[in-house]
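Where a number appears in this text, it was derived from the coordinates with a stated rule and is not lab data. Nothing here was measured: the structure is a model prediction, and the numbers come from that model. All Cβ positions, glycine included, derive from the backbone under ideal geometry; neighbour counts span all protein chains shown.
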Amino acid sequence: MKIADLFKVDGHGVVITGGASGIGLGYAEALAGNGARVTILDVDAQALENETKRLQSAGMDVRGEVVDVTNHPALDKAIDDAARIYGKLDVVFANAGIDPGVGFVGDWVGSDRPRIPEGALENYTDERWNRVIEINMNGVFATIRAAVRHMKPRKFGRIIVTTSLAATRVEPAIGAAYMTAKAGIRNLMKSAALELAAFNITVNAIAPGYIITNIGGGHSKNPVEQKAVAKVTPMHRVGWPEDLYGIALFFASPASEFITGQEVIVDGGLGLGTAD
Ligand SMILES: NC(=O)c1ccc[n+]([C@@H]2O[C@H](COP(=O)([O-])OP(=O)(O)OC[C@H]3O[C@@H](n4cnc5c(N)ncnc54)[C@H](O)[C@@H]3O)[C@@H](O)[C@H]2O)c1
């Protein structure tokens with residue numbers, strides 16, 4: 001067995017939600033850069049246009065469609081379109097997600113972490129709660145459902161969900177709705193894996209730790225915040241979308257074909273606690 005065959009994604013028909021930025025864009029680069037045919041679905045029309053053009057000009061087979069994952073009929077249609085264009089749907093990354101804003105204490109920066117009234121349970125608005133659940137949880141459900149309609153008859157599929165380190169443990173600076181949604185899709189991933197295993201469809205999750213992207217208005221691009229996070233991360237650095245290339249290719253390729261219902265945490269050891 002050669003590595004090139006083990007990690008082969010060449011010719012795969014792939015859909016990535018939230019692929020116009022950050023982690024999803026990294027998945028697109030990893031897959032399309034290795035010969036997969038990738039459709040990026042994203043609500044940000046401008047970023048979608050810029051990034052698909054950039055990847056196309058680098059010779060990658062990438063197309064984009066503007067879709068909001070909360071619009072389930074539009075999501076169904078976009079996934080149907082991709083499957084029709086490719087003649088099949090091999091891999092789906094259910095990745096689109098947002099950061100709802102504050103938790104009940106301040107962010108990563110500084111040792112003084114004051115309580116934030118806006119993020120306290122008694123003040124948590126329905127609007128904030130529902131928006132995160134709609135995108136980060138219901139959007140993932142709808143993406144998996146649409147994908148399965150194409151994968152089940154072919155008895156083949158690879159579904160990869162972006163959960164979070166925050167699906168595995170609670171953190172005071174992250175909004176309660178975010179952690180609830182991520183823990184929810186973690187269990188959805190396992191339940192779907194159980195249901196779909198007999199159809200040769202694997203369902204797995206990638207749980208990033210702290211990765212520099214545009215999420216939450218791009219606060220992670222602040223060097224002061226990055227320094228604070230690197231300090232408490234055992235590997236003493238922050239993560240980048242490139243740090244997820246390997247696990248994305250692994251779950252999308254034959255290398256993982258007997259693995260389902262699993263979540264891999266990619267966090268430089270952050271979830272283990274602070275070492276030094
Ligand atoms: N960055 C991190 O540290 C981190 C950690 C753990 C998990 N995650 C998860 O990774 C995923 C990707 O986030 P990211 O950090 O790359 O953020 P990002 O903001 O850089 O990218 C997210 C993309 O999703 C799109 N999107 C948002 N709402 C959408 C909707 N309703 N419909 C379609 N597209 C939508 C955005 O336009 C954007 O292009 C999210 O699910 C996030 O929760 C991120």
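Three principal axis extents describe the C-alpha atoms of the chain; from largest down they are 55, 40, 38 Å. For G64, nonlocal amide neighbours, meaning residues 5 or more places apart or on other chains whose placed amide H falls under 5 Å from its own, are I40. Once backbone amide H atoms are built at 1.01 Å from N, V203 has I159, G261 as its partners under 5 Å, excluding neighbours fewer than 5 places away on the same chain. I want to verify a result. In a Gaussian network model of the chain, Cα cutoff 10 Å, which of these has the top mean-square fluctuation: A147, A197, A252? Largest GNM mean-square fluctuation: A197. For the pair the stretch 84-129 and the stretch 181-250, the centres of their Cα atoms are 13 angstrom apart.
3J(HN,Hα) along the stretch 251-263: 6, 8, 10, x, 4, 10, 5, 10, 10, 8, x, 10, 10 Hz, from the Karplus curve 6.51 cos²θ - 1.76 cosθ + 1.60 with θ = phi - 60°, whole Hz, x for Gly and Pro. Computed from backbone phi, the HN-Hα couplings of the stretch 21-36 come to 7, x, 5, x, 5, x, 4, 4, 5, 5, 6, 5, x, 10, x, 6 Hz, rounded to whole numbers (Karplus: 6.51 cos²θ - 1.76 cosθ + 1.60, θ = phi - 60°; Gly and Pro given as x).
Suppose R0 equals 30 Å; then what is the FRET efficiency for A4 and W240 from their Cβ-Cβ distance, rounded to the nearest 0.05? Could you put the intermediate results ahead of the total?
Details: r = 25 Å, r/R0 = 0.84.
Efficiency, rounded to the nearest 0.05: 0.75.
Between the helical axis of 176-196 and the longest alpha-carbon principal axis of the chain there is an angle of about 30 degrees. Cross-link pairs exceeding 19 Å between alpha carbons, from the set K155/K182; K88/K152; K8/K190; K8/K88; K8/K53: K155/K182; K8/K190; K8/K53. For the peptides 91-100, 120-129, 202-211, 71-80, the ranking by mean Cβ contacts within 10 Å, running from highest to lowest, is 91-100, 202-211, 71-80, 120-129.
3J(HN,Hα) along the stretch 76-84: 4, 5, 5, 6, 4, 4, 4, 5, 5 Hz, from the Karplus curve 6.51 cos²θ - 1.76 cosθ + 1.60 with θ = phi - 60°, whole Hz, x for Gly and Pro.
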